[in-house]
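Enquirer: Have a look at this one before I ask anything.
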Amino acid sequence: MIPNSTPPADEKATEQIIIRFEEGLYGFEEVKEYLLLQENEDKTIWSLQAARSPTPTFIVLDPFMIMEGYSPVLSDEDLKALGNPEEEDLCFLCVAALKKRVEDSVVNLKSPVVINVKSRRAKQIILEANDYPIRYGLFSSGN
């Protein structure tokens, strides 16, 4: 499945896009609502910031720009949790771990954040059917 990886459009520059995670993100299960903020004009770098508190905040990137041939497959259960969206209504983002030495930074391709752009329901999903790495180097061959 190769979905559209464009996050939900923001019709008004002042409108905040709130994304709802029924299960939260791994390690932050109690935080259910996040703001999705565009960080660059190319729409490849975004941040997910807790909507009701200053933390947590995650930098998320378009995985299709990071790994050629990235092709995540979602289970029927995952699709149901997202409201059974059409393939073109799915957006995939991967969480980045930025390091002091930027060349050591990695992204998690194994557990992307998946957003139903129409309903703004989201879930962090472990891709069981793929062998994607948890720590894929941004500036190397992936190690």
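The values are calculated or read from the model by the stated rules, or taken from the named source; none is laboratory data. This one's a predicted model, so the numbers in the text were calculated from it and none came from an experiment. Cβ: placed from backbone, ideal geometry, glycine included. Neighbour counts: every protein chain shown.
Enquirer: Just one of (1) assigned to a strand (DSSP E or B); (2) closer than 15 Å to Ile18 by Cβ trips up Ser119, so point out which.
Expert: Among (1) assigned to a strand (DSSP E or B); (2) closer than 15 Å to Ile18 by Cβ, Ser119 violates only (1).
Enquirer: Could I ask something else about it? Name the residues in the stretch 106-143 that are closer than 20 Å to Leu25 by Cα and of a type in the set (Ser, Thr, Tyr), would you?
Expert: Those that are closer than 20 Å to Leu25 by Cα and of a type in the set (Ser, Thr, Tyr): Ser111, Ser119, Tyr132, Tyr136.
Enquirer: Now a separate question. Do we have Met65 as of a type in the set (A, V, I, L, M), modelled with pLDDT under 80 and under 21 Å from Ile125 (Cα atoms) here?
Expert: Working: of a type in the set (A, V, I, L, M): yes; modelled with pLDDT under 80: no; under 21 Å from Ile125 (Cα atoms): yes.
Against the criterion (of a type in the set (A, V, I, L, M), modelled with pLDDT under 80 and under 21 Å from Ile125 (Cα atoms)), Met65 does not qualify.
Enquirer: If we keep just the residues of the stretch 53-100 that are among the aromatic types (Phe, Trp, Tyr) and either more than 14 Å from the chain's Cα centre (by Cα) or not in a loop (DSSP other than H, G, I, E, B) (or both), which is surrounded by the most Cβ atoms within 10 Å (Cβ to Cβ)?
Expert: Initially, the stretch 53-100 is screened for residues among the aromatic types (Phe, Trp, Tyr), giving 58, 64, 70, 92.
Next cut, either more than 14 Å from the chain's Cα centre (by Cα) or not in a loop (DSSP other than H, G, I, E, B) (or both) only: 58, 64, 92.
Values: Phe58: 19, Phe64: 18, Phe92: 25.
That would be Phe92.
Enquirer: Select from the stretch 39-52 the residues that are more than 16 Å from Ser111 (Cα to Cα) and aliphatic (A, V, I, L, M) and write down the one among them that is farthest from the chain's Cα centre (by Cα).
Expert: Filtering first and then ranking leaves Ala51.
Enquirer: Take the stretch 30-48 and flag every residue that is in a loop (DSSP other than H, G, I, E, B), touching a strand residue (DSSP E or B) at 6+ places or on another chain (Cβ under 9 Å) and not aliphatic (A, V, I, L, M). Steps first, please.
Expert: Filtering the stretch 30-48 down to residues in a loop (DSSP other than H, G, I, E, B) leaves 30-32, 39-44.
Now restrict to residues that are touching a strand residue (DSSP E or B) at 6+ places or on another chain (Cβ under 9 Å): 31-32, 39-40, 44.
Passing the criteria: Lys32, Glu39, Asn40, Thr44.
Enquirer: Something else now. Restrict the check to the stretch 103-111 and report whether at least one residue is at pLDDT below 95, more than 22 Å from Phe21 (Cβ to Cβ) and among the polar types (S, T, N, Q).
Expert: Yes.
Enquirer: Do you know which residues across the stretch 106-116 are assigned to a loop (DSSP other than H, G, I, E, B) and in contact with a strand residue (DSSP E or B) (Cβ under 6 Å, 6 or more places away or on another chain)?
Expert: Of the stretch 106-116, the ones assigned to a loop (DSSP other than H, G, I, E, B) are 108-112.
Hits for the stretch 106-116 are Asn108, Leu109, Ser111, Pro112.
Enquirer: Given (1) more than 13 Å from the chain's Cα centre (by Cα); (2) buried (at least 20 other Cβ atoms within 10 Å of the Cβ), identify the lone condition not met by Ile115.
Expert: Only one criterion is unmet by Ile115, namely (1).
Enquirer: I would also like to ask the following. Go through (1) within 15 Å of Arg120 (Cβ to Cβ); (2) in contact with a Pro (Cβ under 8 Å, 6 or more places away or on another chain); (3) modelled with pLDDT of 95 or more for Trp46 and report which single condition fails.
Expert: Trp46 satisfies all of (1) within 15 Å of Arg120 (Cβ to Cβ); (2) in contact with a Pro (Cβ under 8 Å, 6 or more places away or on another chain); (3) modelled with pLDDT of 95 or more except (3).
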